[in-house]
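The values are calculated or read from the model by the stated rules, or taken from the named source; none is laboratory data. Remember, it's a predicted structure, so these values are computed and weren't measured experimentally. Every residue, glycine as well, gets a Cβ built from its backbone with ideal geometry; the counts of neighbours run over all protein chains shown.
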Amino acid sequence: MKEFIINKNDSGQRVDKFLTKAVPKLPKSLMYKYLRLKRIKLNGKRCEISTRLNENDVMQLYINDEFFENDNTEQVFLSAPADIDIVYEDENILLANKRVGLVVHEDESGTADTLINRITHYLYLKDEYDPDKESSFAPALCNRIDRNTSGIVIAAKNAESLRILNQKIKDRELHKKYLCVTVSVPEKKQAELKAYMIKDESTKMVAVFDKPNDRTKTMITKYRVLKENTELGLALVEVDLITGRTHQIRAHMAHINCPLLGDGKYGSNRINRQLGVKTQALCAYSLRFDFTTDAGILGYLNGKEFTVDNVWFKDKLF
(Lines give C-alpha, C1' and ligand atoms only; values in the text may rest on other atoms or scores of the structure.)
Protein backbone atom coordinates (compact mmCIF):
# COMPACT_ATOMS: atom_id res chain seq x y z
CA MET A 1 0.00 0.00 0.00
CA LYS A 2 1.22 3.48 -0.90
CA GLU A 3 -0.03 6.57 0.88
CA PHE A 4 0.07 10.19 -0.28
CA ILE A 5 -0.62 13.10 2.05
CA ILE A 6 -1.89 15.94 -0.09
CA ASN A 7 0.20 19.08 0.32
CA LYS A 8 -0.52 22.65 -0.76
CA ASN A 9 0.82 22.15 -4.30
CA ASP A 10 -1.33 19.02 -4.75
CA SER A 11 -4.55 20.57 -3.47
CA GLY A 12 -7.28 21.79 -5.80
CA GLN A 13 -6.60 19.10 -8.40
CA ARG A 14 -8.99 16.41 -9.54
CA VAL A 15 -8.12 12.92 -8.36
CA ASP A 16 -7.35 11.67 -11.87
CA LYS A 17 -5.06 14.65 -12.64
CA PHE A 18 -3.14 14.07 -9.42
CA LEU A 19 -2.73 10.34 -10.02
CA THR A 20 -1.54 10.86 -13.59
CA LYS A 21 1.35 12.97 -12.28
CA ALA A 22 2.01 11.20 -8.99
CA VAL A 23 1.94 7.65 -10.42
CA PRO A 24 2.87 8.09 -14.10
CA LYS A 25 3.43 4.34 -14.60
CA LEU A 26 -0.18 3.54 -13.73
CA PRO A 27 -2.20 3.18 -16.97
CA LYS A 28 -5.37 5.25 -17.04
CA SER A 29 -7.50 2.19 -17.68
CA LEU A 30 -6.21 0.59 -14.47
CA MET A 31 -6.59 3.82 -12.56
CA TYR A 32 -10.31 3.98 -13.44
CA LYS A 33 -10.71 0.29 -12.59
CA TYR A 34 -8.97 0.62 -9.21
CA LEU A 35 -11.11 3.63 -8.34
CA ARG A 36 -14.24 1.59 -9.05
CA LEU A 37 -12.94 -1.32 -6.98
CA LYS A 38 -11.99 1.00 -4.09
CA ARG A 39 -8.34 0.01 -4.36
CA ILE A 40 -7.71 3.75 -4.52
CA LYS A 41 -9.30 5.59 -1.60
CA LEU A 42 -9.41 9.17 -0.36
CA ASN A 43 -9.50 9.60 3.40
CA GLY A 44 -10.44 5.93 3.70
CA LYS A 45 -13.47 6.23 1.45
CA ARG A 46 -14.34 5.70 -2.19
CA CYS A 47 -13.71 8.71 -4.45
CA GLU A 48 -14.52 9.74 -8.00
CA ILE A 49 -12.09 10.86 -10.70
CA SER A 50 -13.59 14.35 -10.50
CA THR A 51 -13.22 14.69 -6.71
CA ARG A 52 -11.15 17.76 -5.82
CA LEU A 53 -8.28 17.27 -3.40
CA ASN A 54 -7.82 19.35 -0.26
CA GLU A 55 -4.64 20.00 1.67
CA ASN A 56 -3.97 17.25 4.26
CA ASP A 57 -6.24 14.74 2.50
CA VAL A 58 -4.84 11.21 2.59
CA MET A 59 -4.88 9.10 -0.58
CA GLN A 60 -4.30 5.36 -0.20
CA LEU A 61 -3.40 3.14 -3.14
CA TYR A 62 -3.70 -0.63 -2.74
CA ILE A 63 -1.91 -1.48 -5.97
CA ASN A 64 1.22 -3.33 -7.08
CA ASP A 65 4.63 -1.95 -6.12
CA GLU A 66 5.75 -2.02 -9.77
CA PHE A 67 3.79 1.17 -10.42
CA PHE A 68 5.88 3.01 -7.83
CA GLU A 69 9.32 1.95 -9.00
CA ASN A 70 11.42 5.10 -9.14
CA ASP A 71 13.24 5.59 -12.44
CA ASN A 72 14.89 8.80 -11.15
CA THR A 73 13.55 10.87 -14.01
CA GLU A 74 12.91 13.69 -11.55
CA GLN A 75 16.68 13.88 -10.92
CA VAL A 76 17.58 14.72 -14.52
CA PHE A 77 17.67 18.41 -13.62
CA LEU A 78 20.71 17.81 -11.43
CA SER A 79 22.82 17.18 -14.54
CA ALA A 80 22.04 20.69 -15.86
CA PRO A 81 23.99 23.72 -14.61
CA ALA A 82 22.28 25.84 -11.99
CA ASP A 83 23.44 28.97 -13.81
CA ILE A 84 20.61 31.35 -14.76
CA ASP A 85 20.34 35.09 -15.40
CA ILE A 86 17.63 36.25 -12.99
CA VAL A 87 15.62 39.34 -13.89
CA TYR A 88 13.29 39.07 -10.88
CA GLU A 89 12.49 36.55 -8.18
CA ASP A 90 10.17 36.21 -5.19
CA GLU A 91 8.58 33.36 -3.26
CA ASN A 92 6.10 32.60 -6.07
CA ILE A 93 7.75 33.31 -9.42
CA LEU A 94 11.09 33.66 -11.14
CA LEU A 95 11.78 35.65 -14.31
CA ALA A 96 14.83 34.40 -16.18
CA ASN A 97 16.63 35.99 -19.08
CA LYS A 98 17.17 33.02 -21.39
CA ARG A 99 20.35 33.21 -23.42
CA VAL A 100 20.56 32.48 -27.12
CA GLY A 101 21.12 28.78 -27.88
CA LEU A 102 19.46 27.43 -24.73
CA VAL A 103 16.24 25.45 -25.19
CA VAL A 104 13.44 25.99 -22.68
CA HIS A 105 12.38 22.31 -22.50
CA GLU A 106 13.92 19.05 -23.63
CA ASP A 107 13.65 18.64 -27.41
CA GLU A 108 14.63 16.09 -30.01
CA SER A 109 18.32 16.58 -29.12
CA GLY A 110 17.65 14.97 -25.73
CA THR A 111 19.84 17.46 -23.88
CA ALA A 112 19.32 17.83 -20.16
CA ASP A 113 20.71 21.37 -20.29
CA THR A 114 17.42 23.22 -20.62
CA LEU A 115 16.17 26.39 -19.01
CA ILE A 116 13.60 24.59 -16.87
CA ASN A 117 16.20 22.08 -15.65
CA ARG A 118 18.58 24.94 -14.79
CA ILE A 119 15.84 26.73 -12.86
CA THR A 120 14.81 23.53 -11.07
CA HIS A 121 18.44 22.82 -10.11
CA TYR A 122 18.83 26.39 -8.86
CA LEU A 123 15.70 26.12 -6.69
CA TYR A 124 16.81 22.71 -5.43
CA LEU A 125 20.11 24.19 -4.22
CA LYS A 126 18.15 26.97 -2.48
CA ASP A 127 15.99 24.37 -0.70
CA GLU A 128 12.92 25.79 -2.45
CA TYR A 129 12.20 22.56 -4.32
CA ASP A 130 12.62 18.98 -3.15
CA PRO A 131 11.25 16.28 -5.47
CA ASP A 132 11.06 13.84 -2.55
CA LYS A 133 8.50 16.10 -0.88
CA GLU A 134 6.35 16.67 -3.96
CA SER A 135 3.93 14.13 -5.39
CA SER A 136 2.67 15.98 -8.44
CA PHE A 137 4.35 19.39 -8.76
CA ALA A 138 7.66 20.59 -10.13
CA PRO A 139 8.70 24.15 -11.05
CA ALA A 140 7.22 24.95 -14.45
CA LEU A 141 7.55 27.51 -17.23
CA CYS A 142 4.50 29.60 -18.11
CA ASN A 143 5.76 30.74 -21.53
CA ARG A 144 8.41 29.74 -23.99
CA ILE A 145 10.65 31.34 -26.60
CA ASP A 146 12.69 29.81 -29.40
CA ARG A 147 16.20 28.44 -28.91
CA ASN A 148 17.75 31.34 -30.85
CA THR A 149 15.66 34.07 -29.20
CA SER A 150 16.79 35.56 -25.91
CA GLY A 151 14.70 37.19 -23.23
CA ILE A 152 12.29 36.84 -20.34
CA VAL A 153 10.71 33.50 -19.50
CA ILE A 154 8.37 33.10 -16.52
CA ALA A 155 8.71 30.20 -14.08
CA ALA A 156 6.18 29.36 -11.39
CA LYS A 157 7.52 28.07 -8.07
CA ASN A 158 4.23 26.63 -6.83
CA ALA A 159 1.04 25.18 -8.21
CA GLU A 160 -1.18 28.15 -7.34
CA SER A 161 1.11 30.61 -9.13
CA LEU A 162 1.25 28.32 -12.15
CA ARG A 163 -2.54 28.11 -12.31
CA ILE A 164 -2.96 31.90 -12.02
CA LEU A 165 -0.27 32.77 -14.56
CA ASN A 166 -1.52 30.27 -17.13
CA GLN A 167 -4.97 31.83 -16.91
CA LYS A 168 -3.63 35.39 -17.05
CA ILE A 169 -1.60 34.58 -20.16
CA LYS A 170 -4.68 33.01 -21.74
CA ASP A 171 -6.69 36.14 -20.89
CA ARG A 172 -3.91 38.38 -22.27
CA GLU A 173 -3.30 40.13 -18.95
CA LEU A 174 0.49 39.89 -19.35
CA HIS A 175 2.17 41.97 -22.02
CA LYS A 176 5.55 41.31 -23.60
CA LYS A 177 7.58 43.53 -25.87
CA TYR A 178 10.49 42.56 -28.05
CA LEU A 179 13.61 44.28 -29.30
CA CYS A 180 15.02 43.36 -32.68
CA VAL A 181 17.41 44.65 -35.31
CA THR A 182 16.12 44.92 -38.85
CA VAL A 183 18.22 44.96 -42.00
CA SER A 184 17.07 48.24 -43.59
CA VAL A 185 14.94 50.80 -41.81
CA PRO A 186 11.14 50.46 -42.02
CA GLU A 187 9.53 53.11 -44.21
CA LYS A 188 7.18 54.15 -41.42
CA LYS A 189 8.78 54.84 -38.05
CA GLN A 190 5.84 53.15 -36.32
CA ALA A 191 2.89 51.16 -37.60
CA GLU A 192 0.44 48.36 -36.94
CA LEU A 193 0.86 45.66 -39.56
CA LYS A 194 -1.79 43.15 -40.56
CA ALA A 195 -1.13 40.14 -42.74
CA TYR A 196 -2.05 36.47 -43.14
CA MET A 197 0.16 33.46 -42.62
CA ILE A 198 0.41 29.75 -43.31
CA LYS A 199 2.94 27.49 -41.63
CA ASP A 200 4.57 24.85 -43.81
CA GLU A 201 5.09 21.87 -41.51
CA SER A 202 7.62 20.27 -43.84
CA THR A 203 9.97 23.29 -43.93
CA LYS A 204 8.98 24.72 -40.52
CA MET A 205 8.68 28.12 -42.19
CA VAL A 206 5.87 30.64 -42.46
CA ALA A 207 4.51 32.10 -45.69
CA VAL A 208 2.97 35.57 -45.40
CA PHE A 209 0.23 37.03 -47.60
CA ASP A 210 -1.48 40.40 -47.87
CA LYS A 211 -4.89 38.83 -48.45
CA PRO A 212 -6.58 35.98 -46.56
CA ASN A 213 -7.75 32.64 -47.86
CA ASP A 214 -9.36 29.61 -46.26
CA ARG A 215 -5.99 28.32 -45.00
CA THR A 216 -4.49 31.48 -43.52
CA LYS A 217 -4.40 32.83 -40.00
CA THR A 218 -4.42 36.54 -39.24
CA MET A 219 -1.36 38.11 -37.64
CA ILE A 220 -1.09 41.65 -36.31
CA THR A 221 2.22 43.21 -35.35
CA LYS A 222 2.87 46.68 -33.91
CA TYR A 223 6.34 48.19 -34.11
CA ARG A 224 8.23 51.44 -33.61
CA VAL A 225 11.76 52.37 -34.61
CA LEU A 226 13.87 53.34 -31.60
CA LYS A 227 17.26 53.98 -33.22
CA GLU A 228 18.94 53.85 -36.61
CA ASN A 229 22.45 52.91 -37.66
CA THR A 230 22.69 54.72 -40.97
CA GLU A 231 26.22 53.48 -41.63
CA LEU A 232 25.14 49.85 -41.58
CA GLY A 233 21.55 50.39 -42.71
CA LEU A 234 20.09 48.86 -39.55
CA ALA A 235 17.25 49.80 -37.23
CA LEU A 236 16.62 49.00 -33.57
CA VAL A 237 12.92 48.19 -33.41
CA GLU A 238 10.51 47.58 -30.53
CA VAL A 239 7.75 45.11 -31.36
CA ASP A 240 4.42 44.47 -29.64
CA LEU A 241 2.60 41.30 -30.72
CA ILE A 242 -1.17 41.63 -30.95
CA THR A 243 -1.42 38.02 -32.12
CA GLY A 244 1.02 35.24 -31.31
CA ARG A 245 1.82 33.26 -34.44
CA THR A 246 4.77 31.03 -35.27
CA HIS A 247 7.83 33.11 -36.24
CA GLN A 248 5.54 36.15 -36.34
CA ILE A 249 8.12 38.89 -35.82
CA ARG A 250 10.68 37.31 -38.12
CA ALA A 251 8.23 36.55 -40.92
CA HIS A 252 6.21 39.77 -40.67
CA MET A 253 9.22 42.09 -40.68
CA ALA A 254 10.73 40.17 -43.60
CA HIS A 255 7.41 40.60 -45.42
CA ILE A 256 7.88 44.40 -45.36
CA ASN A 257 11.48 43.95 -46.58
CA CYS A 258 13.01 44.52 -43.15
CA PRO A 259 14.20 41.04 -42.11
CA LEU A 260 15.89 40.50 -38.78
CA LEU A 261 19.65 40.65 -38.63
CA GLY A 262 21.12 37.19 -38.09
CA ASP A 263 17.98 35.38 -39.22
CA GLY A 264 19.03 32.45 -41.40
CA LYS A 265 15.48 31.53 -42.45
CA TYR A 266 13.86 34.81 -43.39
CA GLY A 267 16.85 37.16 -43.59
CA SER A 268 19.93 37.77 -45.72
CA ASN A 269 22.76 35.31 -45.12
CA ARG A 270 25.08 37.55 -47.11
CA ILE A 271 24.54 40.50 -44.78
CA ASN A 272 24.64 38.25 -41.74
CA ARG A 273 28.07 36.99 -42.81
CA GLN A 274 29.30 40.51 -43.59
CA LEU A 275 28.41 41.70 -40.10
CA GLY A 276 29.50 38.47 -38.41
CA VAL A 277 26.10 37.83 -36.80
CA LYS A 278 25.22 34.14 -36.51
CA THR A 279 21.94 34.26 -34.59
CA GLN A 280 18.79 36.34 -34.90
CA ALA A 281 18.85 39.72 -33.18
CA LEU A 282 15.61 39.23 -31.25
CA CYS A 283 14.96 39.55 -27.52
CA ALA A 284 11.79 39.35 -25.42
CA TYR A 285 13.07 42.23 -23.32
CA SER A 286 10.02 43.57 -21.47
CA LEU A 287 7.22 42.01 -19.41
CA ARG A 288 4.36 43.91 -17.78
CA PHE A 289 1.65 42.55 -15.49
CA ASP A 290 -1.69 44.19 -16.33
CA PHE A 291 -4.25 42.27 -14.30
CA THR A 292 -7.86 43.25 -14.95
CA THR A 293 -9.30 40.47 -12.79
CA ASP A 294 -8.40 39.02 -9.40
CA ALA A 295 -4.88 37.58 -9.33
CA GLY A 296 -5.02 35.91 -5.94
CA ILE A 297 -1.61 35.49 -4.33
CA LEU A 298 0.04 37.29 -7.29
CA GLY A 299 -1.99 40.50 -6.97
CA TYR A 300 1.11 42.38 -5.77
CA LEU A 301 2.60 42.06 -9.27
CA ASN A 302 -0.12 44.13 -10.92
CA GLY A 303 1.28 47.15 -12.74
CA LYS A 304 4.89 46.02 -12.40
CA GLU A 305 7.15 45.93 -15.45
CA PHE A 306 10.47 44.12 -15.80
CA THR A 307 13.07 44.58 -18.51
CA VAL A 308 16.31 43.01 -19.67
CA ASP A 309 19.08 45.60 -19.63
CA ASN A 310 21.91 43.61 -21.19
CA VAL A 311 20.41 42.89 -24.62
CA TRP A 312 23.39 41.51 -26.53
CA PHE A 313 22.86 43.38 -29.81
CA LYS A 314 21.67 46.73 -28.48
CA ASP A 315 24.97 48.29 -27.33
CA LYS A 316 27.01 46.42 -29.93
CA LEU A 317 25.26 47.99 -32.94
CA PHE A 318 23.68 51.16 -31.54
Quiz item: Among the residues of segment 7-18, is any modelled with pLDDT of 95 or more, of a type outside the set (K, R) and out of contact with any helix residue (DSSP H, G or I) (no Cβ under 8 Å at 6 or more places or on another chain)?
Solution: no
Quiz item: When segment 134-171 is examined, which residues are found to be touching a strand residue (DSSP E or B) at 6+ places or on another chain (Cβ under 8 Å), farther than 30 Å from D263 by Cβ and at pLDDT below 95?
Solution: S135
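For (1) outside the structural domain of P139 (by TED's automatic domain parsing); (2) closer than 21 Å to A140 by Cα; (3) loosely packed, with under 12 Cβ neighbours inside 10 Å, each residue gets a yes or a no:
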residue	(1), (2), (3)
Y34	yes, no, no
K41	yes, no, no
G44	yes, no, yes
C47	yes, no, no
S50	yes, no, yes
A82	no, yes, no
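What residue, among those in segment 125-166 that are assigned to a helix (DSSP H, G or I) and either aliphatic (A, V, I, L, M) or touching a helix residue (DSSP H, G or I) at 6+ places or on another chain (Cβ under 7 Å) (or both), is surrounded by the fewest Cβ atoms within 10 Å (Cβ to Cβ)?
The qualifying residue surrounded by the fewest Cβ atoms within 10 Å (Cβ to Cβ) is L125.
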Practice problem: Test each condition in (1) surrounded by 12 or more Cβ atoms within 10 Å (Cβ to Cβ); (2) among the polar types (S, T, N, Q); (3) in contact (Cβ under 8 Å) with a residue 12 or more places away in the chain for T20 and report the one that comes out false. | Solution: (3)
Quiz item: Which residues, taken from segment 276-314, are in the same structural domain as E238 (by TED's automatic domain parsing) and surrounded by fewer than 16 Cβ atoms within 10 Å (Cβ to Cβ)?
Solution: G276, K278
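Give the residues of segment 212-230 that are among the β-branched types (V, I, T), part of a strand (DSSP E or B) and touching a Phe, Trp or Tyr at 6+ places or on another chain (Cβ under 8 Å), sorted by residue number. I'd like the intermediate steps shown before the answer.
Filtering segment 212-230 down to residues among the β-branched types (V, I, T) leaves 216, 218, 220-221, 225, 230.
Keeping just the survivors that are part of a strand (DSSP E or B) gives 218, 220-221, 225.
If the condition is that a residue be among the β-branched types (V, I, T), part of a strand (DSSP E or B) and touching a Phe, Trp or Tyr at 6+ places or on another chain (Cβ under 8 Å), then T218 is the only one that fits.
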Practice problem: State all residues of segment 201-239 that are at negative phi, among the basic types (K, R) and modelled with pLDDT under 95; if no residue qualifies, say none. | Solution: R215
Practice problem: Return yes when L179 is surrounded by fewer than 15 Cβ atoms within 10 Å (Cβ to Cβ) and either β-branched (V, I, T) or within 30 Å of T292 (Cα to Cα) (or both) and no when it is not. | Solution: no
Exercise. Scan segment 198-227 for residues that are of a type outside the set (A, V, I, L, M), free of Cβ contacts under 8 Å to residues at least 60 places away in the same chain and either closer than 18 Å to Y178 by Cβ or in the same structural domain as R147 (by TED's automatic domain parsing) (or both) and jot them down.
Key: T221, K222, Y223, R224
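Looking at segment 243-260, which of its residues are in a loop (DSSP other than H, G, I, E, B), touching a Ser or Thr at 6+ places or on another chain (Cβ under 7 Å) and closer than 19 Å to K189 by Cα?
Start the filter on segment 243-260 by keeping residues that are in a loop (DSSP other than H, G, I, E, B), which leaves 243-247, 256-259.
Add one more test, that the residue is touching a Ser or Thr at 6+ places or on another chain (Cβ under 7 Å), and what stays is 243, 257-259.
Once the filter is applied, which keeps residues that are in a loop (DSSP other than H, G, I, E, B), touching a Ser or Thr at 6+ places or on another chain (Cβ under 7 Å) and closer than 19 Å to K189 by Cα, segment 243-260 yields N257, C258, P259.
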Exercise. Of the numbered conditions (1) assigned by TED's automatic domain parsing to the domain that holds K25; (2) surrounded by fewer than 17 Cβ atoms within 10 Å (Cβ to Cβ), L61 fails exactly one; give the number of that condition.
Key: (2)
